[in-house]
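Just below is one structure, and these are the notes that go with it.
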Amino acid sequence: MFQVTWQDATAWKGQGGNQAVPAPPPDPAVTAVGLLCWEEHCVECSMPQCYATCSLFVARPDRKCARFVYGIMPNRQVQGLFRFGADIRFRRWAKLQTA
């Protein structure tokens with residue numbers, strides 16, 4: 001699963017996100033899965049104090065830090081166990097992480 005609670009579809013389209021994606025090779029048969037929630041995080045983060053002190057801070061609509069350029073956009077052209085893959089453009093300090 002991916003954290004898709006905020007997205008900027010205009011920025012995604014501006015970065016070429018609406019272009020066709022080549023089909024991936026078929027997956028082998030899946031016998032088991034583990035549910036993880038992938039989220040955007042920062043390699044230097046000490047939130048929320050960093051919102052006022054970090055020179056790399058970019059506010060997203062909910063006033064948290066936009067570590068990805070346009071959030072995590074569902075891309076239905078690429079599918080795996082879910083009906084969409086994740087389209088992400090990382091900023092310099094961003095990382096994709098799960099707990």
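Overview of values
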| read-out | value |
| --- | --- |
| Contact order normalised by residue count of the stretch 7-99, Cα under 8 Å, 6+ apart, percent | 37 percent |
| Formal net charge of residues neighbouring Ile88 (Cβ-Cβ distance under 13 Å; K, R +1; D, E -1) | 0 |
| Extension gain from Val58 to Leu36, taking 0.36 nm per residue of separation minus the Cα-Cα distance | 5.3 nm |
| Sparsely packed trypsin sites (Lys or Arg not before Pro) within the stretch 30-89, loop by DSSP, other Cβ within 10 Å at most 12 | Arg63, Arg76, Arg83 |
| Cleavage-rule hits, GluC sites (Glu not before Pro), the chain, DSSP coil, Cβ neighbours within 10 Å at most 16 | Glu44 |
| Where a label projected 7 Å from the Cα of Asn75 along Cα→Cβ would reach, residues of the stretch 1-39 with amide N under 13 Å | 12-13, 15-25 |
| Theoretical gain in end-to-end length, Ala9 to Tyr51 [0.36 nm per residue, Cα-Cα removed] | 12.8 nm |
| Residue of Ala86, Ala66, Ala52 that the Gaussian network model of the chain assigns the largest fluctuation, springs spanning Cα pairs under 10 Å | Ala52 |
| Choice from Gly17, Gly34, Gly85 with maximal GNM fluctuation in the chain (Cα, 10 Å cutoff) | Gly34 |
| Spin-label model distance (nm) - Ala20 vs Trp93, 7 Å beyond Cα toward Cβ | 4.0 nm |
| Distant-in-sequence amide H partners of Ile72 (H built 1.01 Å from N, under 5 Å) | Trp6 |
| Estimated [θ] at 222 nm from DSSP helical runs (n ≥ 4, -39500 (n - 2.57)) normalised by residues in the chain, nearest 500 | -2000 deg cm²/dmol |
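Laboratory data are not the source of any read-out in this text; all were calculated from the coordinates shown. Computed from a prediction, not measured in an experiment: that's the story for all the values here. All Cβ positions, even for glycine, are placed from backbone atoms using ideal geometry, and neighbour counts span all protein chains on display.
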